[in-house]
1. With a 1.4 Å probe and every protein chain left in place, work out the accessible area per residue of the chain in Å², rounded to a whole number.
2. Peptides 170-183, 199-212, 216-229, 23-36: what's the order by average Cβ count within 10 Å, highest mean first?
3. Of all alpha-carbon pairs in the range 1-126, indicate the percentage at a distance above 17 angstrom.
4. Given a 1.4 Å probe and every protein chain left where it sits, what share in percent of the accessible area of the range 186-244 is carbon and sulfur?
5. Taking Cα centroids, how far is the range 106-166 from the range 176-244 in Å?
6. Note the angle between two axes, namely the Cα long axis of helix 100-110 and the longest principal axis of the Cα atoms of the chain, as a number of degrees from 0 to 90, rounded to the nearest 10.
7. Taking the convex hull of the alpha carbon atoms in the chain, what volume per residue do you get, in Å³?
8. Tell me, in nm to one decimal, what length is gained between ASP73 and ALA177 on full extension, where the rule is 0.36 nm per residue of separation less the Cα-Cα distance?
Amino acid sequence: MTTPSLPDPVLAATGVIAGYGRKTILHGLDLHVRAGEIYALLGANGAGKTTTLSLFLGFVAPTAGQVRVHGADPAAHPEQARRMLAYIPENVALYDHLTARENVAYLLALAGQAPQHAPIDAALAAAGLAADAVDRRVAGFSKGMRQKVAIGLALARRVPVLLLDEPTSGLDPQASAEFTRLLGVLRGQGVAVLMVTHDLLGAADVADRIGFLDAGRLVEEVAASGADRFDVRALHRRYGGQAA
Ligand code: ATP
């Protein structure tokens, strides 16, 4: 019997050594995320999670190893790599004086895409933003609503990669559950999702794989399996100290 080969990873870091100046943070990182896969990267403060995102964004260049975003090298061709991805930071920055729809239209135009009404409204609806919020200025939006606008933008851009930094921190349980549902929608569209988080339970809810980063090394990867997906108690016993 032959095993079907897995598709090439959309996000790939292979043997990456990287850091800031003479300070090495990532010591031979190997991390691969495939289309339609949600990967949660956990680790203590300072383990190198945000540095890993910076690597894929082309803000940090490896001194050894290889980084690819949908085939593009973000250090050599950052524009090419960034066209392939949407990045949602912990606190989403939007133009407060613009409405949700205007924000998406403007940011789409900046990304070089024609900002058309109907697809923007469809994307914001798919992201779970209430219809009566679409035409409101985002100044008064909650963190969860801002995140929905950012995810709406990612959906409208139809990018193959989504990077998320601490997406559930500060969200109430209902907003977290809604966020989990949204990531499921993106997975269904074949998007490769890499999220860095301290939220072990949230990661176990949504991720297909969880990786644990310790001092710039991926020390373990666990894949979801069966109805229970992850043995959360075992994960917590093992990593609760560093990941909680
Ligand atoms: P946290 O959970 O606290 O966000 P993290 O796992 O995301 O941590 P990083 O932000 O990647 O960790 O930081 C890893 C190390 O790199 C830390 O020691 C940090 O001080 C250092 N570092 C981060 N950014 C810079 C920078 N721009 N210049 C120099 N050192 C940096």
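1. Numbers: 11760 Å² over 244 residues.
Heavy-atom accessible area per residue stands at 48 Å².
2. Taking the mean over residues of other Cβ atoms within 10 Å, the ranking is 199-212, 23-36, 170-183, 216-229.
3. Details: 5200 of 7875 pairs.
Across the range 1-126, Cα pairs with separations above 17 Å total 66 percent.
4. C and S atoms contribute 47 percent here.
5. Here the answer is 24 Å between Cα centres.
6. 60
7. 143
8. Gain in length upon complete extension: 34.0 nm.
The values are calculated or read from the model by the stated rules, or taken from the named source; none is laboratory data. Predicted model, so just to flag it, every value in this text is computed and none were measured. Methodologically, a virtual Cβ is constructed for each residue, glycine included, from the backbone with ideal geometry; neighbour enumeration extends over all protein chains shown. Surface areas here come from the heavy atoms of the whole protein model, side chains and all, with no ligands, DNA or RNA. Shrake-Rupley method; radii C 1.70, N 1.55, O 1.52, S 1.80 Å.
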